[in-house]
1. If you go through region 105-135 one residue at a time, how many are more than 15 Å from H159 (Cα to Cα) and of a type outside the set (S, T, N, Q)?
2. So which pairs qualify, if the first residue must be in region 75-89 and in contact (Cβ under 8 Å) with a residue 24 or more places away in the chain, the second must be aliphatic (A, V, I, L, M) and surrounded by fewer than 22 Cβ atoms within 10 Å (Cβ to Cβ), the Cβ gap must be under 8 Å, and the two must be at least 6 apart or on different chains?
3. Can we say N181 is under 22 Å from D59 (Cα atoms) and open to solvent by 10 Å² or more (accessible area, probe 1.4 Å)?
4. Name the pairs whose Cβ atoms lie under 7 Å apart, with the first residue in region 156-169 and touching a residue at least 60 places away in the same chain (Cβ under 8 Å), the second among the acidic types (D, E) and in a loop (DSSP other than H, G, I, E, B), and 6 or more positions between them or separate chains?
5. Could you tell me which residue of region 88-117 is modelled with the highest pLDDT, considering only residues that are open to solvent by 90 Å² or more (accessible area, probe 1.4 Å) and among the polar types (S, T, N, Q)?
6. Would you please name the residue that is nearest to the chain's Cα centre (by Cα), looking only at residues in region 85-124 that are charged (D, E, K, R) and farther than 16 Å from Q174 by Cβ?
7. I'd like the full set of residues that are more than 28 Å from T183 (Cα to Cα), in contact with a Lys or Arg (Cβ under 9 Å, 6 or more places away or on another chain) and either modelled with pLDDT under 70 or open to solvent by 70 Å² or more (accessible area, probe 1.4 Å) (or both), limited to region 31-59.
8. Does region 191-200 include one or more residues that are outside any loop (DSSP other than H, G, I, E, B), modelled with pLDDT of 95 or more, touching a Gly at 6+ places or on another chain (Cβ under 9 Å) and farther than 15 Å from D124 by Cβ?
Amino acid sequence: MSEIQVNTINEYTGANGVTIDGALIKDSQLASTAGGGLVRLETATASDSPTFTFDNFVDNSTYSYYKLIIEEIVPATDSAVLHFVFRSGGASGADMTGTYRRSGSYEYMDLASHAQYSNGSDTDYSRTAFNYGNSTNENFSSEVTLYPNNGQSLSKGIHEYIGRRNSPYLIRAQDNFILDNATAMTGIKIEFSSGNITSGKATVYGVKR
């Protein structure tokens, strides 16, 4: 058996990555064609940014669903509400309009209060149930599971978030949303009901079939 020991393997042809035993590694990520289960597709960091917008990441032949991870997001405007807007049209994406149906549940961690809600709706976006704050330690981290319309279903999302709201109380909540629109979803936009996103990071992962 022969062994090669090196510190660095560089790309011979720029932008093509490096293939090792059939597995393509590009920009420190394992390509989906290599069989990796969770594949990072896009990421963005906010710095007084109007939105997080990710267009053209949906590939239903490669991925069965998607994970959107939002880290420590803070609004510029106190008591703002986080909005989710599905996008269509690929690289030149546009907001998907219509009725976003919503239900959910919440539990306070420093109050004896919890509840479920149903039959909520928003026009042209879906919202979180609680306001976000921008004082010290008022931020949320989230995991959003996305199920895009594949031509035979509606686009759906499950948003689970935890942190300190503007009250300022500690809370864990879940919002479920469906857009009652049969247009194929190809991306998503995240924004606040007013003002910019002061800070935070968002990353989209594909879950490979």
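1. Residues in region 105-135 being more than 15 Å from H159 (Cα to Cα) and of a type outside the set (S, T, N, Q): 10 in total.
2. Here the result reads F84/V144; R87/A94; S88/A94; S88/A184, each pair linking region 75-89 to a residue that is aliphatic (A, V, I, L, M) and surrounded by fewer than 22 Cβ atoms within 10 Å (Cβ to Cβ).
3. For N181, the condition - under 22 Å from D59 (Cα atoms) and open to solvent by 10 Å² or more (accessible area, probe 1.4 Å) - is met.
4. Hits for this filter: N166/D78; N166/E138; Y169/D110.
5. Residues of region 88-117 that are open to solvent by 90 Å² or more (accessible area, probe 1.4 Å), as a first pass: 92, 101, 109, 112, 114, 116.
From what is left, the residues that are among the polar types (S, T, N, Q) are 92, 116.
Numbers: S92: 91, Q116: 97.
That would be Q116.
6. Step one: of region 85-124, the residues charged (D, E, K, R) are 87, 95, 101-102, 107, 110, 122, 124.
Applying the additional criterion that residues be farther than 16 Å from Q174 by Cβ yields 87, 95, 110, 122, 124.
Details: R87: 13, D95: 16, D110: 27, D122: 19, D124: 18 Å.
The extreme case among them is R87.
7. Of everything in region 31-59, those that are more than 28 Å from T183 (Cα to Cα), in contact with a Lys or Arg (Cβ under 9 Å, 6 or more places away or on another chain) and either modelled with pLDDT under 70 or open to solvent by 70 Å² or more (accessible area, probe 1.4 Å) (or both) turn out to be G35, G36, T45.
8. No, region 191-200 contains no residue that is outside any loop (DSSP other than H, G, I, E, B), modelled with pLDDT of 95 or more, touching a Gly at 6+ places or on another chain (Cβ under 9 Å) and farther than 15 Å from D124 by Cβ.
The values are calculated or read from the model by the stated rules, or taken from the named source; none is laboratory data. This one's a predicted model, so the numbers in the text were calculated from it and none came from an experiment. Methodologically, a virtual Cβ is constructed for each residue, glycine included, from the backbone with ideal geometry; neighbour enumeration extends over all protein chains shown. The protein model used for the area step is the full one, side chains on, heavy atoms only, and it has no ligands, DNA or RNA in it. Shrake-Rupley method; radii C 1.70, N 1.55, O 1.52, S 1.80 Å.
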